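Accompanying notes for the structure given below.
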Amino acid sequence: MTKLWGGRFTKETNKLVEEFTASISFDQKLALEDIEGSLAHAKMLGECGIIPLEDVKSISEGLIQIKNKIENGNMKYSVEHEDIHMNIEKQLIDLIGPAGGKLHTGRSRNDQVATDMHLYLNRKTKHIIELVNAVQEALLIQAQNNVETIIPGYTHLQRAQPVSFAHHLLAYFWMLQRDKERLQDSLKRVSWSPLGAGAMAGTPFPINRERSAELLGFDYVYPNSMDAVSDRDFIVEFLSIGSLIMTHISRLSEEMVIWSSQEFQFIELDDSFCTGSSIMPQKKNPDVPELLRAKTGRVYGNLIGLLTVLKGLPLTYNKDMQEDKEGMFDTVETLEGSLGLLGPMIETMKVNKDAMREAVNQDFSNATDIADYLVTKGVPFRDAHEIIGKIVLYALNENKFLLNLTMKEYKQFSHLFSEDIYTVLSPEHVVGARQSYGGTSPSQVSEQIKLAEKKLIQHL
Ligand code: ARG
């Protein structure tokens, strides 16, 4: 089959080489962006008087026909034409004749593919921002319903201090908020037009790069044609933000797996988000959070993969750069799938308030508060810490919790204890007392919810 670049060649391409070097099996995902880029390029060429307007008309009509074919799933791609750019160009020439051959004037596949990637990531980044937002909404709804639900807070996965369950969930809200802001900010670096950079040095044709950028909705035009065709930083940045999003999703998923275990029973995932075991009839497995946790690995892999592809490349375009695509598509699709499931999974989970409350009754997570109690009575914190350490040891030996010790027992450790210690030690009091800004008291958590609501309303 004749190649669009066949002129210089005397031999057919080796079949294995053809297959090895082709990207059409995956870059067909850029088909609509490629058409969009070509429509803008053709229009600009016409406006600048570089190709006749009647050719622009037939090129545009041809491209629209191809677009319809793609959207209807009737487009046939061939490996012989290597990638999406040449497949579409070949179809165009077959469809409208020699005028189709004028489309590539003042352009190269190098600026063309870079343009497609920018358009694609621009669209997908905006979609992922929406999806992150939806997960934040789900977290916020659960938080609103659980301001006064008390759960053990952990450090080292050891019970530390009781907290409001809403407070715990909102911690993830803020992680995602930063992720969303990162995505938003990254758009500033995605919205650049490489179109018209040519192969790498620009073009002798009197093109108007601002115009094609404007037609495509880009905010800026790369001022250096060599940078324009070589830059994949915006993809690395996306993969890196995606990795961080997956880190957050994975941490939350891990908590959901733990919380839904028999040992914790803090939450129950909805049946529709779990699967059973083929052998053990009693099982209800948290497959979704487990897979979310695991999929983080491939997203990290995609980031490291691209960084590694790029690290040794001399300027400008190198075929290596074709390897920028599959990882990017995979990260986009993994994020879309993961975020899409996470929101509804959070929304439908059952919060077992009683089990949480019960857990808080049976631990020493109020120990800091008796220390603080003695501090308010004038004991230096270090001494108080020592005294309470002894009380905890005593209680452990007696098989009791702090609330179960009698006043007589307390008095053995310090005469400063009096009846009010039992109020101070109740989990509600412990949580309610933490009224410092960003603390876990219901009043602070309610303030935090207001702030979170504001973020969502302002769509920041
Ligand atoms: N399929 C190629 C890619 O994705 C398009 C650019 C090809 N340019 C070239 N000079 N071979 O990178």
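The values are calculated or read from the model by the stated rules, or taken from the named source; none is laboratory data. Note that this is a predicted model, so its numbers are computed, not measured. Note that each Cβ is placed from the backbone with ideal geometry, even for glycine, and that neighbours are counted across all protein chains shown.
Taking the residues in region 78-126 that are within 32 Å of the chain's Cα centre (by Cα) and either charged (D, E, K, R) or more than 30 Å from R189 (Cβ to Cβ) (or both) as candidates, determine which candidate is farthest from the ligand (Cβ to nearest atom).
Taking the candidates together, the pick is K126.
Among the candidates L187, L239, L291, L252, single out the residue that is surrounded by fewer than 15 Cβ atoms within 10 Å (Cβ to Cβ) and under 18 Å from the mean Cα position of the chain (by Cα). Spell out how you get there, then give the answer.
Details: L187 fails: surrounded by fewer than 15 Cβ atoms within 10 Å (Cβ to Cβ); L239 fails: surrounded by fewer than 15 Cβ atoms within 10 Å (Cβ to Cβ); L252 fails: surrounded by fewer than 15 Cβ atoms within 10 Å (Cβ to Cβ).
Testing whether each residue is surrounded by fewer than 15 Cβ atoms within 10 Å (Cβ to Cβ) and under 18 Å from the mean Cα position of the chain (by Cα) leaves just L291.
Is one or more of the residues making up region 405-414 surrounded by 15 or more Cβ atoms within 10 Å (Cβ to Cβ), within 30 Å of L252 (Cβ to Cβ) and either acidic (D, E) or modelled with pLDDT under 95 (or both)?
Within region 405-414 (the criterion being surrounded by 15 or more Cβ atoms within 10 Å (Cβ to Cβ), within 30 Å of L252 (Cβ to Cβ) and either acidic (D, E) or modelled with pLDDT under 95 (or both)), the answer is no, since none of the residues qualifies.
Given the condition within 28 Å of M328 (Cβ to Cβ) and at pLDDT 95 or above, answer yes or no: does some residue in region 44-58 qualify?
Step one: list which residues in region 44-58 are within 28 Å of M328 (Cβ to Cβ), which gives 44.
Now narrow it down to the ones that are at pLDDT 95 or above: 44.
Yes: region 44-58 contains one or more residues that are within 28 Å of M328 (Cβ to Cβ) and at pLDDT 95 or above.
Can you name the residue in region 198-234 that is in contact with a Lys or Arg (Cβ under 8 Å, 6 or more places away or on another chain) and within 27 Å of P314 (Cα to Cα) and is also surrounded by the fewest Cβ atoms within 10 Å (Cβ to Cβ) among such residues?
D233
Where residues in region 295-308 are surrounded by 14 or more Cβ atoms within 10 Å (Cβ to Cβ) and touching a residue at least 60 places away in the same chain (Cβ under 8 Å), which of them is farthest from the ligand (Cβ to nearest atom)?
V299
Hey, any hits in region 189-203 for a residue that's assigned to a helix (DSSP H, G or I), in contact with a Ser or Thr (Cβ under 9 Å, 6 or more places away or on another chain), small (G, A, S) and at pLDDT 95 or above? Please lay out each step first, then the result.
Our first condition is that a residue be assigned to a helix (DSSP H, G or I); within region 189-203, this holds for 189-190.
Narrowing the set further to residues that are in contact with a Ser or Thr (Cβ under 9 Å, 6 or more places away or on another chain) leaves 190.
Still in the running and small (G, A, S): none.
No, there is no match, as no residue in region 189-203 is assigned to a helix (DSSP H, G or I), in contact with a Ser or Thr (Cβ under 9 Å, 6 or more places away or on another chain), small (G, A, S) and at pLDDT 95 or above.
Does F238 fit the bill of being in contact (Cβ under 8 Å) with a residue 12 or more places away in the chain and assigned to a loop (DSSP other than H, G, I, E, B)?
No, not satisfied.
Just one of the numbered conditions (1) surrounded by fewer than 20 Cβ atoms within 10 Å (Cβ to Cβ); (2) farther than 18 Å from L451 by Cβ; (3) among the hydrophobic types (A, V, I, L, M, F, W, C) is not true of W174; which one?
(2)
Quick one: what pairs do we get from region 272-291, first residue part of a loop (DSSP other than H, G, I, E, B) and among the hydroxyl-bearing types (S, T, Y), second surrounded by 11 or more Cβ atoms within 10 Å (Cβ to Cβ) and at pLDDT below 80, C-beta under 9 Å, 6+ apart or different chains?
Taking only residues 6 or more apart or on different chains, the pairs are S277/K283.
Can you tell me which residue among M345, M321 is within 14 Å of the ligand (Cβ to nearest atom) and crowded, with 21+ Cβ neighbours inside 10 Å?
Only one candidate qualifies: M321.
Examine region 422-443 for a residue that is surrounded by fewer than 16 Cβ atoms within 10 Å (Cβ to Cβ), part of a helix (DSSP H, G or I), at pLDDT 95 or above and within 32 Å of the chain's Cα centre (by Cα), and state whether such a residue exists.
For region 422-443, residues surrounded by fewer than 16 Cβ atoms within 10 Å (Cβ to Cβ), part of a helix (DSSP H, G or I), at pLDDT 95 or above and within 32 Å of the chain's Cα centre (by Cα): present.
Within region 325-336, is even one residue in contact (Cβ under 8 Å) with a residue 40 or more places away in the chain, of a type in the set (F, W, Y) and surrounded by fewer than 20 Cβ atoms within 10 Å (Cβ to Cβ)?
Yes: region 325-336 contains one or more residues that are in contact (Cβ under 8 Å) with a residue 40 or more places away in the chain, of a type in the set (F, W, Y) and surrounded by fewer than 20 Cβ atoms within 10 Å (Cβ to Cβ).
In region 444-460, which residue that is within 13 Å of Q136 (Cβ to Cβ) and free of Cβ contacts under 8 Å to residues at least 40 places away in the same chain is surrounded by the most Cβ atoms within 10 Å (Cβ to Cβ)?
Result: L451.
Taking I449, is it of a type in the set (A, V, I, L, M) and either in contact with a His (Cβ under 7 Å, 6 or more places away or on another chain) or at pLDDT 95 or above (or both)?
Criteria met by I449.
Go through (1) touching a helix residue (DSSP H, G or I) at 6+ places or on another chain (Cβ under 9 Å); (2) in a helix (DSSP H, G or I); (3) surrounded by 15 or more Cβ atoms within 10 Å (Cβ to Cβ) one by one and return the number of the condition Q265 breaks.
(2)
Considering only residues that are hydrophobic (A, V, I, L, M, F, W, C) and assigned to a loop (DSSP other than H, G, I, E, B), look in region 336-383 and name the one that is modelled with the lowest pLDDT.
So, considering only residues that are hydrophobic (A, V, I, L, M, F, W, C) and assigned to a loop (DSSP other than H, G, I, E, B), the one modelled with the lowest pLDDT is F364.
In region 273-285, what residues are within 16 Å of Q262 (Cβ to Cβ) and either at pLDDT 95 or above or among the aromatic types (F, W, Y) (or both)?
Looking only at region 273-285, we keep the residues that are within 16 Å of Q262 (Cβ to Cβ), and these are 274, 276-277, 280-285.
Listed by number, the list is empty, since nothing qualifies.
Among what's in region 20-54 and is charged (D, E, K, R) and closer than 20 Å to L195 by Cα, pick the residue that is nearest to the ligand (Cβ to nearest atom). Please lay out each step first, then the result.
Keep residues of region 20-54 that are charged (D, E, K, R), which gives 27, 29, 33-34, 36, 43, 47, 54.
Keeping just the survivors that are closer than 20 Å to L195 by Cα gives 27, 29, 33-34, 36, 43, 47.
Details: D27: 6, K29: 11, E33: 12, D34: 10, E36: 16, K43: 22, E47: 26 Å.
Once the filter is applied, the top-ranked residue is D27.
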